1. What residues have an amide H closer than 5 Å to that of T221, excluding those fewer than 5 places away on the same chain, when H is modeled at 1.01 Å from N in the peptide plane?
2. Tell me the Rg and the Dmax, in Å, that the Cα atoms of segment 207-307 produce.
3. Over segment 73-174, give the accessible area per residue in Å² for a 1.4 Å probe, as an integer.
4. Leaving out ligands, DNA and RNA, and with a 1.4 Å probe, what % of the accessible surface on segment 191-277 is carbon or sulfur?
5. Per residue of segment 294-307, what does 6.51 cos²θ - 1.76 cosθ + 1.60 with θ = phi - 60° give for ³J(HN,Hα)? Whole Hz please, x for Gly and Pro, Karplus curve as stated.
6. As a test, work out the antiparallel percent of DSSP beta bridges whose residues both lie in segment 174-278, rounded to the nearest 5.
7. Mind checking the dipole of segment 54-164: about its Cα centre, +1 per Lys or Arg Cβ, -1 per Asp or Glu Cβ, Debye to the nearest 20?
8. What ³J(HN,Hα) values, in whole Hz, does the Karplus curve 6.51 cos²θ - 1.76 cosθ + 1.60 give for segment 65-75 when θ = phi - 60°, with x put for Gly and Pro?
Amino acid sequence: MSFPPPRPSRRARRTASGLATALLALAGPLALPAAPAVAAAPVKAGPISTVTYPAADQGAALRYWTPERMKKVGGTVDLGPSGPLGKPWTGKAVPSVGRLFFVNHKGQDTWCTATSVTSGNGSVIMAAAHCARLGSSPVNTYTDLVFAPGYAKGKAPYGRYAVKATMTPRSWAEDTVNDVAAMVVATPVKGKRLADAAGAQQIAFGRKAGERVTAFGYPATTPQRGEELMHCAGTTKPAPGNELLLPCDLAGGSSGGPWLAGFDPATGKGTVVSVLSHGEDLASSSPIYGPVLDQTARAAYDAAQRG
């Protein structure tokens, strides 16, 4: 289960707004200034940090995350009842969205949510940077990352995919800024590429606030406890720190989940315009926040689709 830990970045301590850049996942509500999140002038892409996992590590991750372990991890945390805004998804299956299992810097089993997106190699997922590594701590990267697209109640009907590389903004590793990650998954032996097995969502960069989106995730709230895909929908608003705000109460465990613009329930398709970064706290509270997918996010995605 993962929302980022409550440790403000150096940059956050220098800013007035604090909420979006500090990522105070366990703090109380803070006032949000009305200034738009996206600057008018284009911003140059920042550098990317890449972590690779060799074949031996990939195999170990797949052996580690057995179906029994994937199901068991949801029982280790309970963030209270699911909120009134998030609802179980009962429409057409969305197999491109799944649970991303990993072992964090404390050696704990946990998970996020991630999404298969269209890419040159058919093997890219998008998630939050804090699902790949600890912020403001360049040496603390996570291990045993496995993506289970279309996960539902202990089943991984579209297979399990070991992560072979993560790409995150260097600003996240160094200063807990820009909570987005692109990852490359390995194609299983005698298996299909991720996009061929589970499909893929479109992805768009630089989208501004004001769009209606549908957010998906696997929160650690009761009764789902990460075993069921949840969703909520609303219109994004600008937030400080180049983030978007959404009236939604998906809790920890939904981190990294997609915000899909133009989502069509009949096809299960939309366009990823952000990923869930954090809320006011770990439990079911509204609103939630996600980064604008800026040029640095695009650079991470481009590096992943070349991987």
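1. Hits under the 5 Å cutoff: L79, G226.
2. When restricted to the Cα atoms of segment 207-307, Rg and Dmax are 13.5, 40 Å.
3. Per-residue accessible area for segment 73-174 comes out at 33 Å².
4. Taking all protein chains in place, segment 191-277 shows 50 percent carbon and sulfur surface.
5. Couplings: 8, 5, 5, 4, 5, 4, 5, 4, 4, 5, 5, 6, 8, x Hz.
6. 90 percent
7. So the magnitude is around 260 debye.
8. So the Karplus estimates, Gly and Pro as x, are 8, 6, x, 5, 5, 4, 6, 5, 4, x, x Hz.
The values are calculated or read from the model by the stated rules, or taken from the named source; none is laboratory data. Source: prediction; values computed, not measured. Heads up, the Cβs are rebuilt from the backbone with ideal geometry, glycines too, and the neighbour counts pull from every protein chain shown. Please note that ligands, DNA and RNA were not included when accessible areas were found on the heavy atoms of the full protein model with its side chains. Shrake-Rupley method; radii C 1.70, N 1.55, O 1.52, S 1.80 Å.
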